[in-house]
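Engineer: Pasting a structure below so you can have a look.
The values are calculated or read from the model by the stated rules, or taken from the named source; none is laboratory data. Keep in mind that this is a model prediction, so the values were computed, not measured. Please note: Cβ atoms are built from the backbone with ideal geometry, for glycine as well, and neighbour counts cover all protein chains shown.
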Amino acid sequence: MNKTVGSSLLIAGCCIGAGMLGIPVVTLEAGFYPSLIFFIAAWAYMTAAGLLMAKLVLSYNKPDIHLLTMAETTLGKGGKLLSWILFAFLFYAIMTAYIIAAGVLIADVAGINFYLAASLLVAGMYGAIAKGVRLVDSLNRYLLFGMVACYLLLVTFGLPSVSLERLGRANMSAAWASLPILVICFGFHNLIPSLASYLKQDGSALRKSIVTGSIFALVIYLLWEFVILGLVPENRAEWIDAEKKGELVTQLLADTVGSKSVLYFAQGFAFLAIATSFLPVSYSFLDFLKDGLKQLHKQVSNKILALAVLLPPFFLTLSDPHLFLEALDFAGGICAVSIFGILPAIMAAKRRIVGPLYWGSILAISVVILCIELVGHL
């Protein structure tokens, strides 16, 4: 399988992560059709921002260019410091959500303590990302194929029970509140600098990977929403309660369909969905640290950097194992929009690599999403 296909799968895997397990609960009140509109809007915005990021990375015309280097050369030391802060907050929040979600699943299946389950997960992830991108790419392909298999089985079991009447429920005003979390469902931008180096600065291959991978993720999400929201019973009390508690959708799905097989497929899908996102996200953060510590990274091994990537979210998980949806909401609403939307748009304007219509549109939409997030927390 060539590198372009592998890169597309890494992008898809980065998108199809823990958000799959929380999004149906978050979009329940809005309903399927309003959520469909906002899903497509979030995908279009994040794909356009991703293509802008790719153009920005490629404009340097040399390997191993990452966000901090771009921020410093265009926005100075202040821009570099802001990028450091936003990136660290964003990916520590996302990885905290992943560890919590996967830890709960491993603990349930294996019948072990949650903290032991989280420790085993982090240890396994450490072994993978410390080895480098080739192992991450190969492992991600197998995990993604397994996830798609579980996903197709879940959809097959769930489709006969889908009610078109239930899908007809709609609350457009509630859909606006879900937009910040929908944005993080397409948060693959952290991978772009690493993939540009992996693809040897091939702009055509990089753009193809971004578009193909993000479209694949969009289709998977929309079919998942169709099945899950079409199964929600008229009595939605337990689903609403799940949203308040930050719980995952897998157990609710199994209870609604009433099948143990569905529970097993749901648990397998949930774990693989998290793993296929956790792998590229954690490795891209390791690359980010290399860029930020480039004066030191020749002396600092991947093994040490991998510890810096994984230990902070691990300790956050131990402090409160109920932060799942809160972590995703924080990551999507403020950090992701700022670091993947606003900063690249300003950097592109400074380097004049695209016209004002392109970067101006991304900047304007970013501000709108941030306003929605801030209003939602008032």
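Engineer: Can you run down the residue pairs with Cβ atoms below 9 Å, 6 or more apart or on separate chains, where the first is in region 67-87 and touching a residue at least 60 places away in the same chain (Cβ under 8 Å) and within 17 Å of V57 (Cα to Cα) and the partner is among the charged types (D, E, K, R) and outside any helix (DSSP H, G or I)?
Structural biologist: L68/K294; T69/K294
Engineer: What do you reckon, is L248 part of a helix (DSSP H, G or I) and either at pLDDT 75 or above or within 22 Å of the chain's Cα centre (by Cα) (or both)?
Structural biologist: Details: part of a helix (DSSP H, G or I): no; either at pLDDT 75 or above or within 22 Å of the chain's Cα centre (by Cα) (or both): yes.
No: the conditions fail for L248.
Engineer: Something else: Kindly evaluate I181 against the criterion of being surrounded by fewer than 21 Cβ atoms within 10 Å (Cβ to Cβ), modelled with pLDDT under 85 and in a helix (DSSP H, G or I). I'd like the intermediate steps shown before the answer.
Structural biologist: Values: surrounded by fewer than 21 Cβ atoms within 10 Å (Cβ to Cβ): no; modelled with pLDDT under 85: yes; in a helix (DSSP H, G or I): yes.
In short, no.
Engineer: Could I ask something else about it? Go through region 66-100 residue by residue and tally those that are more than 26 Å from A275 (Cα to Cα) and not in a helix (DSSP H, G or I).
Structural biologist: 0
Engineer: Can you confirm whether region 25-45 contains a residue that is free of Cβ contacts under 8 Å to residues at least 24 places away in the same chain, over 26 Å from S138 (Cβ atoms) and of a type outside the set (S, T, N, Q)? Quick ask: steps written out before the conclusion?
Structural biologist: To start, the set of residues in region 25-45 that are free of Cβ contacts under 8 Å to residues at least 24 places away in the same chain comprises 44.
In the following step, the residues that additionally are over 26 Å from S138 (Cβ atoms) were identified as 44.
Next cut, of a type outside the set (S, T, N, Q) only: 44.
Yes: region 25-45 contains one or more residues that are free of Cβ contacts under 8 Å to residues at least 24 places away in the same chain, over 26 Å from S138 (Cβ atoms) and of a type outside the set (S, T, N, Q).
Engineer: Sticking with this one: The conditions are (1) surrounded by fewer than 16 Cβ atoms within 10 Å (Cβ to Cβ); (2) under 21 Å from L305 (Cβ atoms); (3) of a type in the set (S, T, Y), and T96 fails exactly one of them. Which is it?
Structural biologist: (1)
Engineer: Condition first: of a type outside the set (A, V, I, L, M, F, W, C), out of contact with any Gly (no Cβ under 7 Å at 6 or more places or on another chain) and farther than 17 Å from I94 by Cβ. Now tell me which residues in region 171-192 satisfy that.
Structural biologist: Across region 171-192, the qualifying residues are S173, S178.
Engineer: Looking at the structure I just gave you, is G146 in a helix (DSSP H, G or I), under 22 Å from the mean Cα position of the chain (by Cα) and within 30 Å of S197 (Cα to Cα)? Show your work before the answer.
Structural biologist: Working: in a helix (DSSP H, G or I): yes; under 22 Å from the mean Cα position of the chain (by Cα): yes; within 30 Å of S197 (Cα to Cα): yes.
Criteria met by G146.
Engineer: Quickly run through region 127-150 and pick out the residues that are surrounded by fewer than 18 Cβ atoms within 10 Å (Cβ to Cβ), within 20 Å of F285 (Cα to Cα) and either in contact (Cβ under 8 Å) with a residue 24 or more places away in the chain or polar (S, T, N, Q) (or both).
Structural biologist: Scanning region 127-150 gives K131, G132, S138, L139, R141.
Engineer: Here is a further query. Output the number of the condition that A345 fails; it satisfies all remaining conditions of (1) in a helix (DSSP H, G or I); (2) modelled with pLDDT under 85.
Structural biologist: A345 satisfies every listed condition except (2).
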